[in-house]
Structures are given as structure tokens and as C-alpha cells.
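The values are calculated or read from the model by the stated rules, or taken from the named source; none is laboratory data. From a predicted model like this one, the values you see are computed outputs, not experimental measurements. Cβ placement follows ideal geometry from the backbone for every residue including glycine, while neighbour counts extend to all protein chains displayed.
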Amino acid sequence: MIEAGFPVSSPGDYNSVLEISKIVKNATVCGLTRANQKDIEVAAAALKYAKRPRIHTGIGTSDSHIIYKFNSTPDKIIERAIKAVAYAKTFVEDVEFYAEDAGRTNNEFLAKVCEQVIKAGATVLNIPDTTGYCLPDEYGAKIKFLKENVKGIHNVTISCHCHNDLGLATANAIAGIQNGARQIECTINGIGERAGNTALEEVVMILKQHPYLNLDTNINTKLLYSTSQLVQQSMGMIVQPNKAIIGENAFAHSSGIHQDGVIKNRETYEIINPADVGVNESSIILTARSGRAALAYRAKNVGYDLTKVELDDIYPQFLQFADHHKEVNDNDIRHLMELNHIHKSSIAI
């Protein structure tokens, strides 16, 4: 499912949803709305070419939103929610309802809202942790509570929409899935409002690496890295090097202990094969923390098959050089070899 935009918000968003609807045929295309008639009508118009259209409508359900954002009452909020879902249902069969700030919403009231919108025709229930407030056990328990206390909930899909304000978006989404949710609302690289949303590449690889969960996203994981790069370049938002799965350092090893293990067997320090996410290979980064095994490995990659004596002789010089530089690259290795009169290995043909 692709939530392609918020059609009423701007001509650009409207046209994005319209054009994506024209070309995407193998996925549901969704337009976001608030719980009002005009939003829903504009979204329906933007989705007119979609083969599988969905309207995503909703309203805030926490006390904070009801009192301060809407200056309303719980009963009036439920009334607006029912009306919005019912109206969206006149345009499309597939209607998703979001209970904004569900993370801080009383579970009993949230269950009441969910039950009413299911009756009104909702096919998907989105339970957002809008402020990134929940702990994983709290969010998982919320999903479990809804599964056990909302009439008709087994006929709809529960969706996790988590924010990363406390760095828990991915953990919360997985907790939701473990407790019965079957849709995760996520973004490439975790981009999103404030600190971002659940990262697609993270939840996809978590589910892939833990097959006992028996959940398959059907994502072609070998395209994760290239897709991440495309999004970074297109948006001008470069992810931090230590970003999980797709960061430049995600498969880079600079600690001597780790390097020695990875050189002997990749699985000693890597739970993911880099090739599975579209990365060519692991990187052995030479720093002052690198050991002899890493230096010998990198030297061999540039043509120098060092003997033990040669390695022992050059290693102190390498450490001295590394102490004055953040990283030792291939040209630096060649320079060290030349200073020590070590020649490239001969290859018999």
C-alpha cells in the first residue's frame, strides 16, 4: 500500500496522488484526509484512476486532542469519526481510519471508537503513536487490548503507525505486529515528521531475520540499499553513517576483535548478509584499533601478500600512521609498503 499524499493540502499533493494512481497497478494507492467532507471529496477525485483506491481518514482521540485541538467532547469525536468513515465509504470500498494520538488515548475509549468505525465500514484501523510516547510493551498491550475487546476487529486489518521521538518507532511497530497488527506504516530511511517514522528497511529485515514470527513482507530486500540511496539523493536528506541496515557503516568493521572474526567467518559479527540488502560486501576499515589480521587482509586486497615477518615489521609503523589519521586507505597501505621496500606478490599464469 502506498500512501501517496494528502490531496486537499496542496495542488502538488493532489497531483502526486493522481499521477501515482495512473501508473501503479499492483499496489493499493491511498489518499490521506481529515474527518471532513471536503477532504474526502478531494481525495476521492485524486484517486479516480486508481485500480485499488483507499481513503485514509481519521481524527484525534486522546484527551489532549479532544480538549485542546478540537475543543470537543468524546461523544462528538465518535460522531465525527463515524460520519467521515461512512462518507468515505460512498466513494471507495477500502477505508482506513486513524485514531490520531492513539498512543496516549485511554484504551477503553479507543476500543469504543474502533468498534463504531468498523460498523461504519472501516476496513483498516490505524493505531498511531503520534508523539512517539509509548514503550514497546505498552504499545503491544494496546494492540492486544483492541484485538480482545473490539467487536468485529477480526474482520479488519490493524495498522501500526509509530513515530521515533524516543527512538522506539521500530520497536513499537514490531511489538504491534507481535500482538496482532498486520500492517506497518513506514518510510524509507525512517524519514518523517520531527524525529521520523518507523523505517521500512528495519522492520523488513527484522521480520526476515526472525522467521519464527512466520511473517513475510514479500519485499525484495536486495533493493533496500539502492532505494535508500535514491531517496537520500532525491530529498537531500543523508542518513547518519551508523543507521541500521542502510548506513554507510552498517557493514563496516574497524575494531580489531571484530575484524579478525569477520575475516575468519562473516557470521561471527554480522547477522545480515550484506548482499541481502544490496550491499556488495562487508568493509574492513583500517584504524588505530585494527589488528594485524585486518592489515594483512587489506594489504592482500591491493596486491601485497605479507609474510609474518613483514607483517610484524610494518605493523608498528601502521599504528603510528593510524594514530595521526582517522582512517588508513589503500593508497596509504601502498605508501607504507614502498617505504619498507615490500613488493607486490607475483601471480603465476
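Worth a mention:
- Residues satisfying the stated conditions in the range 19-32, i.e. closer than 13 Å to Arg52 by Cα and either surrounded by fewer than 16 Cβ atoms within 10 Å (Cβ to Cβ) or more than 24 Å from the chain's Cα centre (by Cα) (or both): Lys22, Ile23, Lys25, Asn26, Ala27
- Residue match in the range 44-66 (condition: over 20 Å from Asp129 (Cβ atoms) and among the polar types (S, T, N, Q)): no
- All of Gly192, Gly167 fail the test of being touching a His at 6+ places or on another chain (Cβ under 9 Å) and of a type in the set (Gly, Ala, Ser), apart from Gly192.
- Among residues of the range 124-177, those that are under 15 Å from the mean Cα position of the chain (by Cα) and at positive phi, counted: 2
- Picking from residues in the range 257-266 that are more than 18 Å from Ala244 (Cβ to Cβ) and not small (Gly, Ala, Ser), the one that is surrounded by the most Cβ atoms within 10 Å (Cβ to Cβ) is Gln259.
- Pairs with Cβ under 7 Å, 6+ apart, first in the range 304-331 and touching a residue at least 40 places away in the same chain (Cβ under 8 Å), second among the aliphatic types (A, V, I, L, M): Tyr304/Met337; Tyr304/Ile342; Glu327/Ile285; Glu327/Leu286; Val328/Leu286; Val328/Ala322
- Checking each residue in the range 289-316 for being part of a helix (DSSP H, G or I), farther than 12 Å from Asn340 by Cβ and in contact with a helix residue (DSSP H, G or I) (Cβ under 8 Å, 6 or more places away or on another chain) picks out Arg292, Ala293, Ala294, Leu295, Ala296, Tyr297, Arg298, Asn301.
- Residue match in the range 306-323 (condition: small (Gly, Ala, Ser) and at negative phi): yes
- Test: residue in the range 113-131 that is surrounded by fewer than 17 Cβ atoms within 10 Å (Cβ to Cβ) and more than 24 Å from Met1 (Cα to Cα): no
- The number of residues in the range 11-45 that are assigned to a loop (DSSP other than H, G, I, E, B) and touching a helix residue (DSSP H, G or I) at 6+ places or on another chain (Cβ under 9 Å) comes to 4.
- Candidate set from the range 272-291 (those that are at pLDDT below 90 and within 23 Å of Ile206 (Cβ to Cβ)); member that is surrounded by the most Cβ atoms within 10 Å (Cβ to Cβ): Ser282
- Residue match in the range 312-331 (condition: aromatic (Phe, Trp, Tyr), in contact with a Lys or Arg (Cβ under 8 Å, 6 or more places away or on another chain) and surrounded by 13 or more Cβ atoms within 10 Å (Cβ to Cβ)): yes
- Yes/no for Ala43 being of a type in the set (A, V, I, L, M), closer than 16 Å to Tyr87 by Cβ, buried (at least 19 other Cβ atoms within 10 Å of the Cβ) and over 22 Å from the mean Cα position of the chain (by Cα): yes
- Matching residues in the range 60-96 - criterion: being part of a loop (DSSP other than H, G, I, E, B), out of contact with any Pro (no Cβ under 9 Å at 6 or more places or on another chain) and of a type in the set (Phe, Trp, Tyr): Phe70
- Qualifying residue in the range 66-73 (condition: under 21 Å from Val156 (Cβ atoms) and in contact with a strand residue (DSSP E or B) (Cβ under 9 Å, 6 or more places away or on another chain)): no
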